[in-house]
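This report concerns only the one structure given below.
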Amino acid sequence: MSEPVLDIKGILQQLPHRYPFVLVDRVHLIEPNQRILAQKNVTYNEPFFPGHFPIHPVMPGVLIVEALAQAAGILSFNSMDKKPGNNSVYYFVGIDDCRFKRPVVPGDVLMLDVQVDKVSRGIWKYVTKALVDDKLVASANLMCTAREV
C-alpha cells in the first residue's frame, strides 16, 4: 500500500480519543465529504484479547463498529476542516443494518471503508464496511455528530 495520508500523529489531531481507545492506526485515503479508507492493525496484545476469548482470541464486534465510527469521525472533522478541541466530542448516535460476517483475529489488518451517505442538521450518516484481505467482515450504517461539551 502507498504512504499513509495520516499516520498516528495526524490521527490523534483528528480524533478526540486516546489510548487505549484509539482504534485507527493509519489513513490511506480521504476524499472530504465522500470517503475514507483507514487501517486498524489487530495485535495479540490488545487489552480485550485476554478476556475475549483466552483460547480463541476474537476482536469484539462492538470494537469493529467503534473503529468504523472513529474513521467516520476523522472523515467528518477533515471534511469540516476542523480539529476536535478540549471541549468537543464526536458522538456515535445511531446504527442500522449491522452485520458480522467472519471473526477478526490477532494478525489481521482491518481495513475501514466509510462513505458519507448524507449530512443533515449536524448529523452525519455513513455506509461502512470492514474488510480483512478484501473479504467483508462487518458492515453497518452509522450516524455520528460532533458536539461541544
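The values are calculated or read from the model by the stated rules, or taken from the named source; none is laboratory data. Since the structure is predicted, the reported quantities are computational estimates derived from the model, not experimental observations. A quick note on method: Cβ atoms are made from the backbone with ideal geometry, for glycine too, and the neighbour counts reach across all protein chains shown.
Couple of notes before you dig in:
- Summed over the range 11-70, residues that are under 13 Å from Val105 (Cβ atoms) and among the hydroxyl-bearing types (Ser, Thr, Tyr) total 2.
- Checked against (1) over 25 Å from Gly51 (Cα atoms); (2) touching a residue at least 24 places away in the same chain (Cβ under 8 Å); (3) surrounded by fewer than 18 Cβ atoms within 10 Å (Cβ to Cβ), Gly85 passes all but a single condition, namely (2).
- Scanning the range 1-26 for residues that are buried (at least 20 other Cβ atoms within 10 Å of the Cβ) and in a helix (DSSP H, G or I) gives Ile11, Gln14.
- Yes/no for Leu37 being on the phi < 0 side of the Ramachandran plot, touching a Ser or Thr at 6+ places or on another chain (Cβ under 8 Å), crowded, with 20+ Cβ neighbours inside 10 Å and modelled with pLDDT of 95 or more: no
- Strands (runs of 3 or more DSSP E) enclosed by the range 55-149 - at least 3 residues per element that are farther than 17 Å from Arg35 by Cα and either among the β-branched types (Val, Ile, Thr) or within 13 Å of the chain's Cα centre (by Cα) (or both): 88-100
- Selected residue [closer than 21 Å to Gln14 by Cα and modelled with pLDDT under 95] from Val65, Val116, Val149: Val149
- Selection within the range 96-149 - surrounded by fewer than 17 Cβ atoms within 10 Å (Cβ to Cβ), in contact with a Cys (Cβ under 9 Å, 6 or more places away or on another chain) and within 17 Å of Gly61 (Cβ to Cβ): Asn141
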